[in-house]
Amino acid sequence: MSDRIFIGTRKGLFTLERAKGGAPWRIAQADFLGVQVPMLLPDRRDGWVYAAVGHGHFGSKFHRSNDRGKNWEEATVPAYPPKPDDVPEIREPYRGIVIPWSLELIWSLEAGGKDEPETIWCGTAPGGLFRSNDRGMSWHLIRPLWDEPLRREWFGGGLDWPGIHSICVDPRDSRHVTVGISCAGVWTTRDRGETWQVSSQGMYAEYMPPEQKYTQHIQDPHRLVQCPANPDAMWVQHHNGVFRSTDGARTWHDVPAARPSVFGFAVAVHPQKPDTAWLVPAVKDEVRIPVDGKVVVARTRDGGKSFEVLRTGLPQEHAYDLTFRHALDVDESGNRLVFGSTTGSLWTSDNQGDAWSLVSAHLPPIFCVRFG
Amino acid sequence: MVRVNFTENIQRHCACPSTEVRGDTVRQVLDEVFAANQKARGYVLDDQGGLRRHMIVFVNGETVRDRVKLTDRVSDGAEVYVMQALSGG
């Protein structure tokens, strides 16, 4: 099981370590204190770690470490190329505000395939997908997706602008990449970004008028994950519920059995068992607090037919911790989990969620947790 | 010559000592500064070359008006301050 966890928060990056033999987790290191760390990538291929750093005044930056997070250097942040004067501005379709042609937020980072060891993918708001082939020293915008005509109908969900929050690189074929966008649904490429297809068939959006309920490119998947051992098995925690695909995002099926609610942001899938997944449910839409003020994790082991509600070790009275979409992770063994909250609480489990231990209740609001 | 000074708060992330450069517009002045300090460019300007949303530039105590193309004139002997804009709560 992994003995290191990276925690990206509103006020810095924290590295947690645990000695062998069941010692408690401890915060071994704090970096970028006072600065937002919205996204992290511990690259399991080679031990490098990447961190998006968001300065309120000075913009987004990109840092990397070649020694598992002990020392950091500033690399190159993805930059949108100059906007050509003859390209019209796109206005967000519902509020009419201009969607910036400029980096607003780094919202996802994922490693490329094993056959492209220095490749990293980066999803951003306002909806640009970038790729680096040199561990973050240079980037290029994936123009076919940015230039996709339907992008003018994408809109913000959670953020003011559309944002790419999930990137799944198929371990069988690194040219096959699937991304989740709020709010533009799921998109896939099978040629490393040259051509794209919307892949949200079966999802529905109750926040839209009935005639647009099933429109694929306006869906709001909050988080998209892929089972490494069976990449055709994918899970989405969507604004309107939980969806599952068993055919590599070609079609999606509603998972109404999720409880105590079908709303939430985070989802994690077992790395070897595609039918096992975890959610952190909440009261839907604008309320966004745990159901009945009780923090719980929902687990299915049968592909979503049924769920167990796991609460051992979690606060069950007047707890208002919300878990953001990137704040739940499972390690490579599938046994150890971690999740963090907007209230700065962090819990781990060594038994697939049967029981949880509080690591800290005093961290800054947690954006992202990842085993490293 | 134009003297360019930076907010203390940027120094923690990116060293930006005060410097003297030539230039007739804010763009020319900042380009001169960033030619010698490439890293600082991205801390002050966004990826389209405009002033970052929460940054502000003063020329002789006056806020620059053109935050996108940075065409405000700068006279010889001027004092330029690159600061954080107080915004939000």
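The values are calculated or read from the model by the stated rules, or taken from the named source; none is laboratory data. All of these numbers come straight from a predicted model, not from anything done at the bench. When we count neighbours, we look across all protein chains shown, and the Cβ atoms used for this are built from the backbone with ideal geometry, even at glycine. Each accessible area value is taken on the protein alone, full model and side chains, heavy atoms only, with ligands, DNA and RNA left out. Shrake-Rupley method; radii C 1.70, N 1.55, O 1.52, S 1.80 Å.
Would you mention how many residues in segment A:201-225 are more than 12 Å from residue A:154 (Cβ to Cβ) and polar (S, T, N, Q)? Steps first, please.
Taking segment A:201-225 as the starting set, the residues that turn out to be more than 12 Å from residue A:154 (Cβ to Cβ) are A:201-214, A:221-225.
Adding the requirement that they be polar (S, T, N, Q) leaves A:201, A:212.
Counting residues in segment A:201-225 that are more than 12 Å from residue A:154 (Cβ to Cβ) and polar (S, T, N, Q) gives 2.
Being outside any loop (DSSP other than H, G, I, E, B) and within 18 Å of the chain's Cα centre (by Cα) is the filter here; which residues of segment A:116-141 pass it? Give the steps one after another, and end with the answer.
Here is the first cut: in segment A:116-141, the residues outside any loop (DSSP other than H, G, I, E, B) are A:120-125, A:129-132, A:140-141.
Once the filter is applied, which keeps residues that are outside any loop (DSSP other than H, G, I, E, B) and within 18 Å of the chain's Cα centre (by Cα), segment A:116-141 yields A:120, A:121, A:122, A:123, A:124, A:125, A:129, A:130, A:131.
Which ones in segment A:12-31 are closer than 23 Å to residue A:53 by Cβ, crowded, with 17+ Cβ neighbours inside 10 Å and not hydrophobic (A, V, I, L, M, F, W, C)? Outline the logic, then answer.
First pass over segment A:12-31, keeping only residues closer than 23 Å to residue A:53 by Cβ: A:12-17, A:27-31.
Now drop any that are not crowded, with 17+ Cβ neighbours inside 10 Å, which leaves A:12-16, A:31.
Within segment A:12-31, A:12, A:15, A:31 qualify.
Within segment A:64-79, how many residues turn out to be within 12 Å of chain B (Cβ to nearest Cβ) and either small (Gly, Ala, Ser) or crowded, with 20+ Cβ neighbours inside 10 Å (or both)?
Residues that pass the stated criteria total 4.
Considering segment A:181-198 alone, what residues qualify as being among the polar types (S, T, N, Q) and either open to solvent by 10 Å² or more (accessible area, probe 1.4 Å) or at pLDDT below 95 (or both)? Break it down into steps so the answer makes sense when it comes.
Taking segment A:181-198 first, the residues among the polar types (S, T, N, Q) are A:182, A:188-189, A:195, A:197.
A:188, A:195, A:197, listed by residue number.
Pick from B:71, B:25, B:63: which is β-branched (Val, Ile, Thr), loosely packed, with under 15 Cβ neighbours inside 10 Å and in contact with a Lys or Arg (Cβ under 7 Å, 6 or more places away or on another chain)? Break it down stepwise before answering.
Working: B:25 fails: loosely packed, with under 15 Cβ neighbours inside 10 Å; B:63 fails: in contact with a Lys or Arg (Cβ under 7 Å, 6 or more places away or on another chain).
The conditions single out B:71.
Need the failing condition index for residue A:105 against (1) surrounded by fewer than 15 Cβ atoms within 10 Å (Cβ to Cβ); (2) hydrophobic (A, V, I, L, M, F, W, C); (3) within 14 Å of chain B (Cβ to nearest Cβ); (4) out of contact with any Lys or Arg (no Cβ under 8 Å at 6 or more places or on another chain), just the number.
Condition not satisfied by residue A:105: (1).
So is residue A:267 at negative phi, among the aliphatic types (A, V, I, L, M) and open to solvent by 20 Å² or more (accessible area, probe 1.4 Å) or not?
no
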